[in-house]
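Data first, discussion second: the structure below is written as structure tokens.
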Amino acid sequence: MPASATDPTRMTVAEARDALAAKAVSAVELTEAHIAAMERTRALNAYVAETPERALEAARASDARLAKGEGGPLEGIPLAIKDVFCTEGVETTAGSRILQGFTPTYESTVTANLLRDGAVALGKTNCDEFAMGSANVTSIHGPVINPWTPAGSDDRLLVPGGSSGGSAAAVAARSALAATGTDTGGSIRQPASFTGIVGLKPTYGRCSRWGIVAFASSLDQAGPMTRSVRDAAILLGSMASFDPKDSTSVDMAVPDFAAALTGDIRGMKIGIPKEYRIDGMPAEIEALWQQGMDWLRAAGAEPVEISLPMTQYALPAYYIVAPAEASSNLARYDGVRYGLRVPGDSLLEMYENTRAEGFGREVKRRVMIGTYVLSAGYYDAYYLKAQKVRTLIARDFATAFDTVDAILTPTAPSTPFAIGEKQDDPVQMYLNDVFTVPASLAGLPGISVPAGSGADGGPLGLQVIGRAFDEETVLRVGGVLEDAAGQQAAEPPRIA
Amino acid sequence: MSLDKATVARIAHLARIRMPEEDLDSMATELSRILDWVEQLNAVPTDDVAPMTSVAPHTLRRRPDEVTDGRVQGKVLANAPEAVSGFFAVPKVVE
């Protein structure tokens, strides 16, 4: 008998739905098991706010609906929510001191959609401050520990990736059936790769950004973090919606994403971008990528080499565009309407004191870079230049998709590294997102699927990038990789 | 591009972040390093390229100019560090 038949924290979302429908488990039992798991794994620091009472109340309501034969697509499913989603009545900090004590009086559209469909929110998960980071080490709540840190390696704890590191750790450690994340340059996909789970960044515009603490508005996108591709499809179906409150939300039908998981990729052309073979790429990443091509070929698809010539310019363009938008978005934190206020002798001093004490070092760096590149005399040289390069990057992808149906790349350039590493030089940390940022700049959907592990035992993911609003192909190809890799059952050492 | 301390102090002021004198040097080094790195974009010819203005190829929607929300003063002020008589309160700005 598989462990999932007896332990509700080992189920996938799809299995839990079936178990609930068959009355093999109740929503309260499912929720209680995850509350216990959340408590047992507190050392990971994945959750920054636990809401067990609210979760149990919601689970009881779910059981009542299920008993009447009612209930939504996620009825009774316990989820973790990244702490950048505004949650009515539950503190929302985005990992920043400047937002400590902020309790939203409204619910973000994405989380409201999940609750409407019956999901049970277990609590809020840790993340890099304002989602700025690739290791979950910039949070005011402290770093998150990757559950893949080997037992007995307490002097060298691994990062879960970032910025959605708490969500990734919770899903990997089985303290939530699934979680929400947000991805600006890789913040869903890279931590998914680092923790051996599935992470899907939808097309820009697929999920509403309303009620999500903003980092870079032309890049931010919410998405699911799960333990199977099917679960990602199920969650995305609930998270996605047209929302008049987000002017960039796209008014188009939400397909039945799970129906796309036919396993049939025969005849598909899969692009292999030669520019992603970066200098110094570890042999094990190269080998895994090759393995991915072989798996897809065995399933009847045809890997073909493509060229995305602007690839090397994606990261520098991103590190102009994203900080520029962040400097504008974060101007709202001024100590007047919400969050921290540090007094000063004048209004100006109050602003400056509040922001000096409220923002951490990485956020200050990015706000200042953004302020500089948008300032008089530098706008054309930096910001305008970056937006032009961004046009070229999007054009590269558009040209590639004239001939291929999806693109296969590694997700991250390494297995998880240790807390404290790559922190002396910001650019070294930025390089973590070398494979994920290009698709973000072009607004394209991308999924990371666990595909293997490195020599050190750390997980490695492969990324599938698709055409805009073609999450279905991304999921279908991702599902084939998942089946071939057979990593679904892999459990980390530090688990509930 | 190497930023000097005076430039960093000016950026910090524009960003409304108080930055003590002793932090300016290290911040100048870090910001200069990032700016040096992004300047590789200068190698890309972009004279005939339009800057990206919209990620997805869609035009912004219009809507009727109607009030659809409001009368939630309590909610708006609920998280204010200081609220007085239904307003956000700030240090005195007019003598």
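Treating only the Cβ of Lys, Arg, Asp and Glu as charged (+1, +1, -1, -1), what charge dipole size does region A:198-336 show about its Cα centre? Round to the nearest 20 debye.
180
Given labels modelled 7 Å from the Cα in the Cβ direction, how far is it in nm from residue B:33 to residue A:428?
0.8
If you take the beta carbon distance between residue B:21 and residue A:381 as r and set R0 to 41 Å, what does 1/(1 + (r/R0)^6) give as a FRET efficiency, to the nearest 0.05? Write down the numbers at each step before the final one.
Details: r = 28 Å, r/R0 = 0.69.
Taking R0 as 41 Å, the efficiency between residue B:21 and residue A:381 is 0.90.
I'd like to know which of A:193, A:416, A:81 lies farthest towards the positive end of the charge dipole of chain A, counting +1 on Cβ of Lys and Arg and -1 on Cβ of Asp and Glu.
Most positive-ward Cα: A:81.
Check cross-link reach from residue B:92 to the lysines: straight Cα distance under 23 Å, and skip same-chain residues fewer than eight apart.
none
Could you list B:17, A:495 so that the one with the fewest beta carbons within 10 Å of its beta carbon is first and the one with the most is last?
If I rank by nearby Cβ atoms, fewest first, I get A:495, B:17.
Lysines within cross-link reach of residue B:75: Cα-Cα under 22 Å, excluding same-chain residues under 8 positions apart?
Once the sequence-local lysines are set aside, what remains near residue B:75 is A:124, A:245.
Taking the alpha-carbon centroid of each part, what is the distance from region A:445-496 to region A:96-164 in angstrom?
Using only Cα atoms, the two centres lie 21 Å from each other.
Report, in deg cm²/dmol and to the nearest 500, the calculated mean residue ellipticity at 222 nm for chain A, where each DSSP H run with n ≥ 4 adds -39500 (n - 2.57) and the sum is divided by the residue count.
-10500 deg cm²/dmol
For an R0 of 35 angstrom, estimate the FRET efficiency from the Cβ-Cβ distance between residue B:63 and residue A:395 and round to the nearest 0.05.
According to the calculation, E is roughly 0.65.
What is the mean number of Cβ atoms from other protein chains located within 10 Å of the Cβ atom of each residue in peptide A:379-392, rounded to a whole number?
5
In nm, to one decimal, how far is the residue B:87 label point from the residue A:156 one, both placed 7 Å along Cα→Cβ?
Placing both labels 7 Å along Cα→Cβ, they lie 6.1 nm apart.
Based on the mean of other beta carbon atoms within 10 Å per residue, what is the order of A:450-459, B:82-91, A:318-327, most packed first?
A:318-327, A:450-459, B:82-91
For chain B, what does the helix formula give at 222 nm: sum of -39500 (n - 2.57) over DSSP H segments with n ≥ 4, over the residue count, nearest 500 deg cm²/dmol?
The helix-only estimate for chain B comes to -10500 deg cm²/dmol at 222 nm.
Averaged across B:76-84, how many Cβ atoms of other chains sit within 10 Å of each residue's Cβ atom?
On the way: counts 3, 3, 5, 9, 6, 12, 4, 1, 0.
Taking all residues of B:76-84 together, the mean is 5.
Give me the net charge for the shell around residue A:277: Cβ to Cβ below 11 angstrom, other residues only, Lys and Arg +1, Asp and Glu -1.
-3
Could you point to the residue in A:135, A:31, A:354 farthest towards the positive end of chain A's charge dipole, with +1 and -1 charges on the Cβ of Lys/Arg and Asp/Glu respectively?
The Cα lying farthest towards the positive end belongs to A:354.
Within a 10 angstrom radius of the beta carbon, how do B:59, A:262, A:92 rank from fewest other beta carbons to most?
Ascending number of Cβ neighbours within 10 Å: B:59, A:262, A:92.
Rank-order A:24-36, A:64-76, A:480-492 by packing density, defined as the average count of other C-beta atoms within 10 Å over each peptide's residues, highest first.
Averaged packing, sorted descending, gives the order A:24-36, A:480-492, A:64-76.
Treat the count of other C-beta atoms within 10 Å as a stand-in for reagent exposure and order A:367, B:67 from fewest to most.
On the way: A:367 29, B:67 6.
Listed from fewest to most nearby Cβ atoms, that is B:67, A:367.
Only Lys, Arg, Asp and Glu count, each charged at its Cβ (+1, +1, -1, -1), so figure out the dipole size of chain A about its Cα centre, rounded to 20 debye. Mind dumping the intermediate values first?
Details: 43 positive and 58 negative charges, 74 e Å.
Dipole magnitude for chain A comes out near 360 debye.
How shielded is B:44-50 by partner chains, expressed as the average number of their Cβ atoms within 10 Å of its Cβ atoms?
Working: counts 11, 2, 8, 1, 1, 8, 3.
Taking all residues of B:44-50 together, the mean is 5.
List the pairs from A:82/A:364; A:269/A:388; A:274/A:388; A:201/A:274 whose alpha-carbon separation is above 27 Å, in the order I gave them.
A:269/A:388
In debye, nearest 20: dipole of region A:1-158 around its Cα centre with unit charges on the Cβ of K, R (+) and D, E (-)?
In total the dipole reaches around 100 debye.
Antiparallel versus total DSSP beta bridges in chain A: what percent is that, nearest 5?
Numbers: 27 of 41 bridges.
Percentage antiparallel, nearest 5: 65.
Here, each number is a calculation from the coordinates, and none is a lab measurement. Bear in mind that the values here come from a model prediction, so they are computed numbers and not experimental data. Ideal geometry is used to build each Cβ from the backbone, glycine not excepted, and the neighbour counts take in all protein chains shown.
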